[in-house]
1. Go through segment 133-158 and give me each residue that's open to solvent by 10 Å² or more (accessible area, probe 1.4 Å), farther than 22 Å from residue 172 by Cβ and of a type outside the set (Lys, Arg).
2. For the list (1) touching a helix residue (DSSP H, G or I) at 6+ places or on another chain (Cβ under 6 Å); (2) surrounded by 14 or more Cβ atoms within 10 Å (Cβ to Cβ); (3) part of a loop (DSSP other than H, G, I, E, B), I need the number of the one condition that residue 102 fails.
3. Would a scan of segment 51-72 turn up a residue that is among the charged types (D, E, K, R), in a helix (DSSP H, G or I), in contact (Cβ under 8 Å) with a residue 60 or more places away in the chain and closer than 20 Å to residue 172 by Cβ?
4. Residues that are within 29 Å of residue 135 (Cα to Cα), modelled with pLDDT of 95 or more and open to solvent by less than 50 Å² (accessible area, probe 1.4 Å): does segment 65-80 have at least one?
Amino acid sequence: LHLARETGGAFDPTILPVLRGGPAQLPLTGWNKVRLNPVTKTVEMPEPGMGMDFGGIGKGWALDKAAAVLKAAGVQHALFNFGGQILAIGAPKGAQGWRVSIPGRTEPLFLQNASVSTSGDTEHPRHIKSPFNGLAVRRPGSAVAIRAGAAEADAWSTALFILGKTPPSFHGQSFFDPGIPTIPDKGGPS
């Protein structure tokens, strides 16, 4: 829910009804409808049929958990590649970071204690749905987000692809593949 708030709703874990039933199910979404009860440690969704899908941060969450296990065991240098999402712990000895390539960039990036995630429409066309209108987001190219946490990078790359721009609430590095048209900021979700 923090990431949904931070992305202005571009990443919305309540998108499940739309994924199952299409744009007509949009009234059953809305991250701001979800209530967390700290006493009972439960999640409350007020409308029957609401549901959550965490596919938009699944890889990142798994990478963060794997990194926590290695760090607890004393590992200081590691590079994970989970289906194209990268998470770097430290850097190779004597190097400024782990050398990684990013779509749309000719020069490599040196990653240290950060994750890079890419979202686009080329590998699985129509799989990214907009939480604003329920439709598949179709555009060429991809959006890349770099954040300290892998789950954050994962959520943000999806949000950036949906938005087509980098909003002021994003704190990290972002890149757009040259094939993606950058949408000018008009003060709200596109």
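The values are calculated or read from the model by the stated rules, or taken from the named source; none is laboratory data. Because the structure is predicted, anything quoted here is derived from the model rather than measured. Heads up, the Cβs are rebuilt from the backbone with ideal geometry, glycines too, and the neighbour counts pull from every protein chain shown. Please note that ligands, DNA and RNA were not included when accessible areas were found on the heavy atoms of the full protein model with its side chains. Shrake-Rupley method; radii C 1.70, N 1.55, O 1.52, S 1.80 Å.
1. Scanning segment 133-158 gives 133, 135, 136, 140.
2. The single condition residue 102 does not satisfy is (1).
3. Filtering segment 51-72 for residues among the charged types (D, E, K, R) gives 53, 59, 64-65, 71.
The next check asks that each one be in a helix (DSSP H, G or I); those that pass are 59, 64-65, 71.
From what's left, in contact (Cβ under 8 Å) with a residue 60 or more places away in the chain: 59, 64.
With the extra rule that they be closer than 20 Å to residue 172 by Cβ, the set shrinks to 59, 64.
Looking through segment 51-72, at least one residue is among the charged types (D, E, K, R), in a helix (DSSP H, G or I), in contact (Cβ under 8 Å) with a residue 60 or more places away in the chain and closer than 20 Å to residue 172 by Cβ.
4. no
For every residue, the table says whether it meets (1) at positive phi; (2) crowded, with 21+ Cβ neighbours inside 10 Å; (3) at pLDDT 85 or above.
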site	(1), (2), (3)
123	no, no, no
129	no, yes, yes
162	no, yes, yes
168	no, no, yes
186	no, no, no
190	no, no, no
